[in-house]
Amino acid sequence: MKATFQDYFRALIGPEDAEQFFSTIEAKPVGPRSIRVNTLKISKADLTEWFVSQGYEVKNSQYSADGLELTGAGQEWALKLPYHAGFTYPQDAASMFAVEVLNPQPGETALDLTAAPGGKTTHIAQRLENRGILFANDMDTHRIKALKSNLSRLGVVNAYITRMNANKMAELYPETFDRILLDPSCSGEGLFVTKEGQPNYWNKKAVKHFSGLQFGLLRQAFIMLKPGGRILYSTCALNGIENDGVVADFLEKTPEAAIDESVMDELKARGIHVPEQIADLKGIRFWPHKTGTKGFFCIALTKTVSQGMERPDSKFFLKVLKDDERKIYDAFLEERFGVHARAYDLVPFEHHLFLASTALKTLPPPPGFSLSLPALKTYEGDEMKPSHEGVMFFAGQATKGVVQLTKEQMEHALKSQPVIFEGLEEGMYFAKYLQFPLGLLKIGKQRTELLVPKMA
């Protein structure tokens with residue numbers, strides 16, 4: 001490790017804690033598997049029961065109501081199966097804690113300004129209960145693909161996916177959001193405990209560079225916050241420049257902003273543990289040598305009074321299928337699978353019908369947006385079929401057209417190996433193994449197709 005890195009943190013947190021921190025970085029300890037349960041699709045109790053039945057030891061995370069810690073020597077496919085079904089998201093406990101602090105409520109309007117790859121974004125969606133409106137924004141074209149994939153896999157239907165400059169978004173949506181998460185790029189000292197961590201590249205120049213970018217994003221994010229709303233500023237950095245320094249500078253220059261003092265009482269009331277803090281630093285830090293997690297910083301801010309900005313008028317709203325236009329699609333889902341999709345809007349786009357929360361059409365959509373869940377593929381005439389995303393979303397509520405696979409068939413399916421089915425009539429089916437959806441099964445005169453993405 002660089003001497004400059006070591007000197008900085010000795011001065012920040014004291015020699016004793018600093019040496020423990022450095023030792024943890026060098027050891028790169030491997031802790032339990034940390035996963036978040038996606039309660040949009042399965043209960044925490046049911047998934048815990050599954051993991052225990054497969055030979056894992058399971059503990060509840062002390063830092064998130066949705067987190068589990070797994071140890072033991074269970075079968076690897078027993079982990080892959082709930083992941084494939086969208087029941088889990090592998091996520092460090094410190095990262096889950098951010099959404100516990102943000103504490104979004106069902107039906108609110110929320111923004112994740114730097115969303116990719118979607119860990120915290122999908123967590124916000126499940127706390128919104130797939131209601132309300134969620135803007136999932138990121139400027140990185142490559143990373144936004146992962147964001148879309150995770151949103152669809154976890155069954156999120158209340159999100160606009162955007163790739164917008166923060167300045168432009170602030171112009172279009174001033175004082176619009178109840179909750180905002182800002183987790184911008186940073187120097188990443190919290191990740192130095194992982195194999196990818198590179199403390200030898202750390203330098204104050206880069207730290208200062210990041211802090212400037214972070215301040216600018218925080219300023220724009222705050223413009224978009226409603227009075228009385230909450231913004232969660234977080235980084236995977238642990239230094240004082242990108243964290244305390246950015247916040248102090250922002251508070252000094254923004255009289256309408258204040259630290260949200262209600263957070264600690266909320267966390268205590270919900271039984272969420274707050275890690276032990278070091279020194280007289282603002283915000284909450286996860287120090288790897290104390291928490292057994294990656295390093296992480298977060299702090300909640302609120303807007304005490306309006307900044308006096310109004311959202312520009314717009315006549316453009318989400319175009320959804322009207323009741324008379326969607327009858328054929330509703331009938332197809334109900335008659336073939338016993339699925340009722342009428343609680344959601346259907347949005348046509350490029351030979352697909354996307355599922356959307358009914359709340360999305362109440363707010364003008366951002367330019368160039370996309371949606372996350374293409375539920376049905378449509379063709380010329382009346383021909384249609386569920387997409388893979390639609391199968392994975394609807395299979396849990398289907399009462400007809402469901403085929404239960406044996407364990408052997410499931411293992412073959414996940415490896416893209418041939419699966420033999422006998423005694424089924426021609427048509428389309430939802431393939432499942434126990435409570436886990438796998439994909440679409442098509443039985444034809446000439447061939448049988450089980451459309452399951454490979455998961456070796």
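Since every read-out is calculated from the coordinates, none of them should be taken as a lab result. What you see is a predicted model, and the numbers here were worked out from it, not measured in a lab. Here the Cβ is made from the backbone with ideal geometry for all residues, glycine too, and neighbour counts use every protein chain on show.
Size of the dipole of segment 401-456 about the Cα centre, Lys and Arg at +1 and Asp and Glu at -1 on the beta carbon, nothing else charged, in debye to 20? Don't jump to the answer; show the numbers that get you there.
Working: 7 positive and 6 negative charges, 38 e Å.
In total the dipole reaches around 180 debye.
Scaled to the compact-protein estimate 2.2 N^0.38 Å, what is the alpha-carbon radius of gyration of segment 36-174, rounded to two decimal places? Please report the intermediate quantities before stating the final value.
Numbers: Rg = 15.7 Å, N = 139, 2.2 N^0.38 = 14.3 Å.
The value comes to 1.09.
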Item to check | Net dipole in debye of segment 3-89 [+1 Lys, Arg Cβ; -1 Asp, Glu Cβ; about Cα centre; nearest 20] | outcome: 400 debye
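So how much slack lies between Asp330 and Ala206, counting 0.36 nm per residue of separation and subtracting their Cα-Cα distance, in nm? If you can, show how the numbers build up before the last one.
Details: separation 124, 0.36 × 124 = 44.64 nm, distance 5.42 nm.
The span from Asp330 to Ala206 would gain 39.2 nm if fully extended.
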Checklist entry - Where does helix 15-27 land angle-wise versus the long Cα axis of the chain, in degrees 0 to 90, nearest 10? => result 30 degrees
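Going through the cross-link list Lys41/Lys400; Lys377/Lys442; Lys41/Lys319; Lys361/Lys400, which pairs have a Cα-Cα distance over 21 Å in this structure?
Details: Lys41/Lys400 19 Å; Lys377/Lys442 14 Å; Lys41/Lys319 27 Å; Lys361/Lys400 31 Å.
Among Lys41/Lys400; Lys377/Lys442; Lys41/Lys319; Lys361/Lys400, the Cα-Cα distance tops 21 Å for Lys41/Lys319; Lys361/Lys400.
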Next on the checklist: Quick check on the chain: helices-only [θ] at 222 nm, where DSSP H runs of length 4 and up contribute -39,500 (n - 2.57) each and the sum goes over total residues. Nearest 500, please.
Outcome noted: -9500 deg cm²/dmol
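Tally Lys and Arg at +1 and Asp and Glu at -1 over the other residues with C-beta under 14 Å from the C-beta of Cys298: what net charge comes out? Could you put the intermediate results ahead of the total?
On the way: positive: Lys120, Arg179, Arg230, Lys282, Arg285, Lys294; negative: Asp92, Glu100, Asp112, Asp183, Glu242, Asp244, Asp260, Glu266.
Here the charged neighbours net out to -2.
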Next on the checklist: Which one, Thr48, Ala221, Thr88, projects farthest toward the positive side of the charge dipole computed for the chain from Cβ point charges (K/R +1, D/E -1)?
Outcome noted: Thr88
Checklist entry - Near Lys44, which lysines are there with a Cα under 16 Å away, not counting those fewer than 8 places off in the same chain? => result Lys59
Checklist outcome for this item: The helix 204-223 Cα axis meets the longest alpha-carbon principal axis of the chain at an angle in degrees, between 0 and 90 and rounded to 10, of 60 degrees
Item to check | Highest average packing first - 31-41, 334-344, Cβ atoms within 10 Å | outcome: 31-41, 334-344
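Report, to one decimal in Å, the Kirkwood hydrodynamic radius for segment 313-393 based on all distinct Cα pairs. All intermediate terms of the calculation are to be shown ahead of the outcome.
Working: mean 1/r = 0.0752 Å⁻¹.
Result for segment 313-393 stands at 13.3 Å.
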Checklist entry - So what is the relative contact order for the chain, in percent, with contacts set as C-alpha pairs under 8 Å and at least six apart? => result 14 percent
Checklist entry - For segment 1-43 and segment 130-172, what is the separation of their C-alpha centers, rounded to whole Å? => result 29 Å
Checklist entry - In whole Hz, what ³J(HN,Hα) sequence does segment 310-326 give by Karplus (6.51, -1.76, 1.60; θ = phi - 60°), x for Gly and Pro? => result 10, 6, x, 5, 8, 9, 9, 10, 4, 8, 10, 5, 6, 3, 5, 7, 9
Checklist outcome for this item: Hydrodynamic calc, segment 326-456: Kirkwood Rh from Cα pairs, then Stokes-Einstein at 20 °C with viscosity 1.002 mPa s, so D in µm² s⁻¹ is 135 µm²/s
Item to check | segment 143-213 - Rg and Dmax from Cα coordinates, angstrom | outcome: 16.3, 42
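How big is the dipole moment of the chain about its Cα centre under a simple scheme where the beta carbon of each Lys and Arg is +1, that of each Asp and Glu is -1, and everything else is neutral? Debye, nearest 20, please.
Values: 53 positive and 55 negative charges, 139 e Å.
Here the chain has a charge dipole of around 660 debye.
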Checklist outcome for this item: Working note, segment 296-359: Cα radius of gyration (Å, one decimal) and Dmax (Å, whole number) are 19.3, 53
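Counting only Cα atoms, I'd like the Rg/Rh figure for segment 96-303, Kirkwood definition for Rh.
On the way: Rg = 16.2 Å, Rh = 17.3 Å.
When Rh is taken as the Kirkwood radius, the ratio is 0.94.
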Next on the checklist: Please report Rg (one decimal) and Dmax (integer) in Å for the Cα set of the chain.
Outcome noted: 23.5, 74
Checklist entry - Any idea which of Pro15, Ser61, Ile25 is furthest toward the positive side of the dipole for segment 3-89, if Lys and Arg beta-carbons carry +1 and Asp and Glu beta-carbons -1? => result Ser61
Next on the checklist: Through the Karplus equation 6.51 cos²θ - 1.76 cosθ + 1.60, θ set to phi - 60°, convert the phi angles of segment 170-183 into ³J(HN,Hα) values in whole Hz; use x for Gly and Pro.
Outcome noted: 5, 5, 7, 10, x, 6, 10, 9, 6, 9, 9, 10, 10, 10
Checklist entry - What is the distance in Å between the Cα centres of segment 245-270 and segment 67-99? => result 31 Å
Checklist outcome for this item: Of the convex hull drawn through the C-alpha atoms of segment 3-89, the volume per residue in Å³ is 136 Å³
Item to check | With Cα atoms, 0 to 90° folded angle of helix 141-153 axis to the chain main axis | outcome: 60 degrees
Checklist entry - What is the extension gain from His142 to Thr358, computed as 0.36 nm multiplied by their sequence separation minus the C-alpha to C-alpha distance, in nm to one decimal? => result 74.8 nm
Checklist entry - Amide H neighbours of Thr176 under 5 Å, counting only residues 5+ apart in sequence or on other chains, H built in-plane at 1.01 Å? => result Leu225, Lys226
Next on the checklist: For a quick check of your reading of the filter: which chymotrypsin sites (Phe, Trp or Tyr not before Pro) in segment 405-447 sit in a DSSP loop and have no more than 15 other Cβ atoms within 10 Å?
Outcome noted: Phe421
Checklist entry - If eta is 0.890 mPa s and T is 25 °C, what Stokes-Einstein diffusion coefficient results for segment 401-456, Kirkwood Rh from Cα pairs, in µm²/s? => result 219 µm²/s
